[in-house]
1. What's the whole-number percent of alpha carbon pairs in the stretch 571-651 lying beyond 21 angstrom?
2. Treating only the Cβ of Lys, Arg, Asp and Glu as charged (+1, +1, -1, -1), what charge dipole size does the stretch 456-530 show about its Cα centre? Round to the nearest 20 debye.
3. Looking only at the chain, where both bridge partners belong to it, what percent of the DSSP beta bridges are antiparallel (to the nearest 5)?
4. Taking every eigenvalue of the Cα gyration tensor of the stretch 421-561, multiplying by 5 and rooting it, what semi-axes result, largest first, whole Å?
5. Quick one: if you stick a label point 7 Å off each Cα along the C-beta vector at Ala144 and Gln56, how many nm between them?
6. Dipole size in debye (nearest 20) for the stretch 374-430 around its Cα centre, Lys and Arg Cβ +1, Asp and Glu Cβ -1?
7. Taking +1 at the Cβ of each Lys and Arg and -1 at the Cβ of each Asp and Glu, which of Gly149, Phe248, Gln84 sits farthest along the dipole of the chain towards its positive end, judged by Cα position relative to the Cα centre?
8. In bins 10 Å wide, starting from 0, what share of all Cα pairs of the stretch 77-147 does each bin hold, as a percent?
Amino acid sequence: MHTQFQLARWLRRSASVPAVVCSLGLVWLGAGAKVHAQGGIDTATTLRQLETRRRQQIVAAQRCRAFHGFQFSDQLVESGIKFQHHTVEDAGRTYQAAHYDHGNGVVAADVNNDGRLDLYFTTQLGTNQLWLNVGGGKFVDGTARAGVGLVDQISVGAAFADIDNDGDADLFVTTVRHGNHLFENLGEGRFRDITGEAGLAYSGHSSGAVFCDVDQDGLLDLLVVNVGRYTNDEKGPGGFYHALPDAFQGHLFPDRTETCRLYRNLGGHRFVDVSDKMGLPGLGWSGDATFTDLNHDGFPDLYVVNMQGDDHYLENQAGKGFLDRTAALFPKTPWGAMGVKFFDFNQDGHPDLLVTDMHSDMTRLQTEQGLGFRAELEKGKSEPFCSAQWSEAYLQGSSNNIFGNAFYEGRPNGSFAEVSDTQGVETYWPWGVSAGDLNADGFDDLFITAGMGYPFRYAVNSVLLNDAGKRFFDMEFVVGVEPRRDRRIEKPWFSLDCSGADRTNSLCAGVTGQTNIMGSLSSRSSVMLDLDDDGDLDIVTSEFNDAPQVLISNLSEQQPIHYLKVVLHGTRSNRNGLGATVRVTAGGRRYALYHDGKSGYLGQSVLPLYFGLGSAAKIERVEVIWPGGDAQVVQESVPVNSTLTVRQNGP
């Protein structure tokens, strides 16, 4: 860890860093009008900094050989989607530094089997919504018919998966102390809540959820990750539980831990908790998880992130239990991890791993003094800031931690090398990560959501284009993801009556009348999919206290593209084929994708596997390694720019 002396020396070198405005960085812009909370940097300054970054990125993009001559445009209005995310008051009017500001997920699946991908958004207050894709980038609200609204249930994450292998996508939703929910898909856009009969009525501080077939019996099992007790028993408006004032010290109190729960699918819509039986360690303070098969034994292994401590990699012991092998493969993990994704960034046949680290960027120096924007420009780790603010007792030992994003490159011998800095994947205030081939050149690119919302300043979402497996380049300004539509970086967060009931509120000092308190915009989750069926990948985000972004790509209009979408139909394995590896050979090159359904933070979707094929005009071979190890080669000719459905061979 860096010493405070080293930090002071760093600060002296950074003479251009803005000075402290006040503890929460409040900027007053006229009595009775708006109160801004921008972490010490006002709106005009932030917009100027964004413009500076845009110019820098355009210059840097000249060094990137990956095609970047395409644009995203936010077509929320055109899509017809009218979903609005609403936060609890402890993320606004009664702000507490607690885990409510971690936000919510968005997931996608073809819920009515019409060949188009639909979207499900979760919210804290208000109604979760299911939006049905009617084609041409247009959607209609199917929530009421579906019965999946969960009004004021303080929802968090969601996952689509076919739990009963009947050919449609079922839905699982987590909440904060309002009970998790499992919905059986009845077809034609209708669902039935089967939580009680399924044995999944856990009520706690749940977060992400991941389906995978742990024991390879053909039925998808469920891992639910739990954060820990960060609320008390006092309820606020809408029925949420108020946050504890020391929520972010919860990892120091063992009695506040809520361990992750693993449920085995018994069939017949019944699950049983096997966490202890499978030797799942006491994992807590987790927001999300994922799975892969690093030792190629056909059984999915788990990677569980920890937002306040060490991550854990758990190797599956042939479906009979788990062995913690973190120290052997990932001896240093991020301290404040949020997002996680396995993918093969250089297509060398060895999986790589990206873990995003949010909490290490949340020191006072970075959030209150405006240092974060400079750190974001310089893409630096947060180690000096963390060492200055937090003791080793608070960190519970930091010798095995990284304070920033970690990118582990897989090596032929099965080991990993942490290369985040040299590969250009350090970002600021990151949440979830979506990986997909945005320019259809055969190499997966990254979209990383970011930002905090009220009462912090604005931070950009990141688009990292993959330069042929060599490194990543920041391209969010180049491809039109930043700045946002109409250059919006803030919105009214809540209102105060500064001449009436709220006149004693500290935010009303010097202000009279009805006053809007402003907060910065920020994203939490994302899903990457071909929303308008034009052959290129689009992005939909879950925003914090705002409407989503529907980012439509014009790649297919800018140059000819070649791609293949693969839909898996398991028979002996689970129907979704989760846990399968698909390899496509085209133009003499081989591409591989592992089917985990993970896109973004707090979400798991049922999506076709998307292969960008570069300039290849012919596909020579498609091979599927099904969960459990069965190999299958597609014999018939497969045209490019098509969707291939592969049904598992055998009885």
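1. I get 31 percent for the Cα pairs in the stretch 571-651 exceeding 21 Å.
2. In total the dipole reaches around 80 debye.
3. If we restrict to bridges inside the chain, about 90 percent are antiparallel.
4. For the stretch 421-561, the semi-axes come out at 38, 16, 11 Å.
5. Inter-label distance under the simple model: 5.0 nm.
6. Magnitude of the dipole: close to 40 debye.
7. Phe248
8. 20, 43, 24, 12, 1
The values are calculated or read from the model by the stated rules, or taken from the named source; none is laboratory data. In this text, all values refer to a predicted model and were calculated from it rather than measured experimentally. With ideal geometry, Cβ positions are generated from the backbone for all residues, glycine too; neighbour counts draw on all protein chains shown. Only protein heavy atoms, including side chains, enter the accessible area calculation; ligands, DNA and RNA are left aside. Shrake-Rupley method; radii C 1.70, N 1.55, O 1.52, S 1.80 Å.
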